[in-house]
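Below: the structure, in structure tokens.
The values are calculated or read from the model by the stated rules, or taken from the named source; none is laboratory data. Since this is a predicted model, take the numbers as computed values, not measurements. Note that each Cβ is placed from the backbone with ideal geometry, even for glycine, and that neighbours are counted across all protein chains shown. Ligands, DNA and RNA are stripped out before the accessible areas are found, and what is left, the full protein with its side chains, is counted by its heavy atoms. Shrake-Rupley method; radii C 1.70, N 1.55, O 1.52, S 1.80 Å.
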Amino acid sequence: MAKLGMRRHDAAAHRAHRVLRVVGGLLALGWWSTGQAAGPPRQTPNAKIAWHGTWTGGLAAAQRMGKPIMLVSAAPQCHSVPGVW
Amino acid sequence: MDRSFLSDKDVIAASRNFVCIRLATYENAEENRVLSGIFAPGGNLQNTVFALLAPNGTTPLVRAGRSPVWAFGGVRGPGINAQPAESIKRMAETMQSIALRYPGKGPGATGALPYLADLRLALNVAAADRQPLVVVYAPDRAQRRRMERELSKVVWSEPLVGQAQYVAAHTAGEFKAVRGFETRSGFIVIQPGIFGLSGQVIHAIDADSKAPELRDMLAGALGRHVPSQLTYNQHRQAGVRAGARWQSRTPNTDRGGPRRGGPRGRRRRPRR
């Protein structure tokens with residue numbers, strides 16, 4: 001009788017342990033997916049804007065991905081001296 | 001270029017949800033036409049243009065102008081590199097809001113490479129950005145395509161995103177202004193000269209490199225680039241002394257810009 005009671009106790013403990021593992025796993029998954037989906041992307045300290053260098057290449061990418069465009073244009077020279085915006 | 005807007009960390013973070021296109025004004029007639037359709041007061045294409053556009057490339061989402069100042073407020077003329085924090089914040093928040101309206105169709109990576117038009121222009125742009133230049137060089141088109149496939153897997157993610165300029169080349173003759181180039185296909189990492197009229201090979205990476213090793217080797221080579229430390233005025237004065245001159249491919253139609261063959265006006269930084 002005592003043995004049977006012990007077995008029941010073990011089974012209940014085992015079930016509780018399994019439930020805890022599943023709940024813990026779901027919580028961890030939720031935390032992980034939130035971390036992946038939300039918030040700005042992590043940046044390196046010297047993060048810079050990544051520019052497409054031609055209109056045709058950039059426009060094709062925007063249309064393919066359905067993303068908005070930030071367009072900047074400038075002559076890469078000042079008073080004919082190159083190497084500066 | 002207005003550094004304070006475009007180098008702000010929140011604007012940069014927001015830019016990752018945009019396709020960012022930076023053109024060289026007066027270098028391509030077709031691009032001039034596009035820019036003129038976006039912002040050209042009096043029909044004159046200005047030296048600088050700024051716009052946020054819908055993915056169709058034609059619908060403006062904010063007021064277009066010479067710089068972000070025209071849309072978000074701030075300082076024009078002298079002092080443009082010290083914009084008010086609230087203007088920069090407004091730009092970042094506006095971009096975040098626009099990104100929610102255009103979430104895109106897929107993951108962040110674009111697949112396409114952010115190429116410049118040609119090596120001559122790419123050297124100049126890389127110098128102006130104070131960044132290294134990566135040339136995808138292979139005379140054989142099929143090999144170049146294979147190289148581009150591998151590069152496109154790593155170019156839009158850390159640690160490479162935004163850290164270099166890129167251009168394709170298919171003839172050795174295109175490298176005539178580049179020292180240290182050996183005629184062999186590969187990913188050629190170049191330190192542009194201060195004025196972007198020449199370059200020096202920093203490293204050449206094997207053309208058959210696969211994405212993971214290519215990423216690591218590129219990151220290492222880009223880290224060897226030494227950016228110019230000259231201020232804007234020092235750069236311009238040094239350029240004049242050195243006789244460094246750039247001839248745009250199409251006429252400069254900005255009334256505030258230099259007049260080719262005309263009287264030499266007062267030298268000042270162009271208006272933004």
Helix-only [θ]222 nm of chain B, DSSP H runs n ≥ 4, -39500 (n - 2.57) each, per residue, nearest 500: -9500 deg cm²/dmol
Gain in span if fully extended, residue B:240 to residue B:89, counting 0.36 nm per residue against the direct Cα distance: 50.7 nm
Cut-off 16 Å, label 7 Å out along Cα→Cβ of residue B:255, residues of the range B:1-45 by amide N: B:40-45
Calculated SAXS-style log₁₀ I(q)/I(0) at q = 0.14 Å⁻¹ - the range B:1-157, Debye, Cα scatterers: -0.86
Percentage relative contact order, chain B, counting C-alpha pairs under 8 Å, at least six apart: 19 percent
Inverse of mean 1/r across different Cα pairs in chain B, Kirkwood, Å: 20.2 Å
Most mobile of B:231, B:94, B:183 in a GNM of chain B (Cα contacts under 10 Å): B:231
The range B:67-196: antiparallel DSSP beta bridges as a percent of all, rounded to 5: 45 percent
Residues listed by number, the range B:115-139, amide nitrogen under 15 Å from residue B:226 label point at 7 Å toward C-beta: B:131-132
With DNA, RNA and ligands ignored, accessible area of residue B:208 (1.4 Å probe; Å², nearest 10): 100 Å²
Whichever lysines have a C-alpha closer than 19 Å to that of residue B:89, once near sequence neighbours (fewer than 8 apart) are set aside: A:48, B:9
Cα-Cα pairs of the range B:105-171 separated by more than 13 Å (percent): 64 percent
Linear extension gain, residue B:105 paired with residue B:177, 0.36 nm per residue minus alpha-carbon span: 21.8 nm
Estimated inter-spin distance, residue B:219 and residue B:58, nm [label 7 Å along Cα→Cβ]: 4.3 nm
Listed residues B:138, B:54, B:64, most fluctuating in chain B (Gaussian network, C-alpha, under 10 Å): B:54
Largest to smallest accessible area among B:158, B:93 [probe 1.4 Å]: B:93, B:158
Of B:137, B:115, B:166, the one that fluctuates the most in a GNM where chain B has Cα springs shorter than 10 Å: B:115
3J(HN,Hα) from dihedral phi, the range B:200-205, Karplus parametrisation 6.51/-1.76/1.60, rounded to Hz, x for glycine, proline: 10, 5, 8, 6, 10, 9
Area projected by the alpha carbon convex hull of the range B:1-93, averaged over all directions, nm²: 6.0 nm²
Exposure rank, largest accessible area first [B:217, B:95; 1.4 Å]: B:217, B:95
Relative frequency of Cα-Cα separations exceeding 11 Å in the range B:153-192, percent: 71 percent
